[in-house]
Amino acid sequence: MTSPQELNVAVLRIEGTNCEDEAAAAFSQLGCNTEQVHLKQLLAKAKPHRQLADYDALFIPGGFSAGDYVRAGAIFAARLRAGLHASLDDYINSGAPVLGVCNGFQILVETGALPGTPDGLSKDPQAVLHTNDSDRFECRTVMLRVEGNGDSPFTSHYEPGQVIAVPNAHAEGKLQLPDARLNALEQSGQVAFRYCDPEGKTDAGYPWNPNGAPGDIAGITNPRGNVLGMMPHPERVFHGWQHSDWPGNGRDPAGPGDGRLLFEGVVRHLCR
């Protein structure tokens with residue numbers, strides 16, 4: 001059995017990414033060896049050179065990579081596809097966990113890793129994360145209902161239907177894809193998280209769904225469940241004290257935050 005201390009996790013960044021510190025801290029506090037890796041290191045354009053195969057898991061953080069010019073995540077994704085398409089495809093097909101949060105979700109969609117195919121990356125993007133219906137940046141804690149059935153390492157430590165509170169901060173988070181693809185996502189169980197109200201009810205509308213995504217979709221996986229993209233930020237609520245409302249809701253500030261179980265699920269999966 002592998003121990004967390006034997007696991008190597010990469011947090012991939014370029015100019016404009018953020019929350020890489022929180023992402024690295026989440027895995028490090030579970031005992032993993034976590035490294036913030038610049039994309040140029042994987043492309044052999046900066047030293048020390050690195051390879052995706054050096055790592056057991058990959059985290060693509062949020063932010064505004066390359067200024068989100070063209071559209072959110074497009075430039076970061078174009079660099080990945082141009083220089084690392086085969087490596088990323090092999091990495092995903094190896095079963096290694098890949099997590100993209102906020103801008104990271106946008107990047108995974110742009111690369112074709114999500115919704116993905118049973119064989120890895122799709123040839124071209126099959127979806128887009130469009131401008132919020134409110135036409136503005138939405139920044140608040142949102143409630144999420146866990147939809148995963150436990151087959152994915154990212155949801156394996158949550159109970160199906162569990163409601164969690166996670167910070168949200170984005171302007172382009174509305175998942176858009178053809179109806180046939182959306183139906184396929186639903187039928188294949190690739191929806192991992194949905195926006196909901198505090199009682200876990202969906203279809204509650206704005207502001208519970210901050211962007212207008214169909215089906216209240218907040219996060220999806222690829223068909224095999226080892227790639228997850230989600231708009232809210234679980235790395236920002238690894239600890240109880242990181243929840244902004246802990247003084248008033250009875251939450252133990254010294255206890256776990258609602259995002260911790262996601263990271264524990266990944267680490268436990270890799271330690272099997």
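Taken together, the values in this text are just the output of simple stated rules run on the coordinates, not laboratory data. Not measured: the values here are computed from a predicted model. No Cβ is skipped: glycine too gets one built from the backbone with ideal geometry, and neighbour counts run over all protein chains shown.
For this structure, a couple of remarks:
- Debye equation applied to the C-alpha atoms of the stretch 85-163, log10 I(q)/I(0) at 0.17, 0.18, 0.19, 0.26 Å⁻¹: -0.86, -0.94, -1.01, -1.23
- log10 of Debye I(q)/I(0), alpha-carbon scatterers only, for the stretch 1-110 at 0.20 Å⁻¹: -1.07
- Among 190-197, 103-110, 120-127, the peptide with the highest mean count of other Cβ atoms within 10 Å heads the list, and the full ranking is 103-110, 190-197, 120-127.
- Size descriptors for the chain (Cα atoms only): Rg and Dmax, in that order, 17.1, 50 Å.
- Tail beyond 28 Å, pair distance distribution of the stretch 66-223 (Cα, percent): 17 percent
- Per principal axis, descending, Cα span of the stretch 222-272 in whole Å: 39, 26, 13
- Relative contact order of the chain, taken over Cα pairs closer than 8 Å and 6 or more residues apart, is 18 percent.
- Computed on the Cα trace of the stretch 153-228, the radius of gyration divided by the Kirkwood hydrodynamic radius gives Rg/Rh = 0.94.
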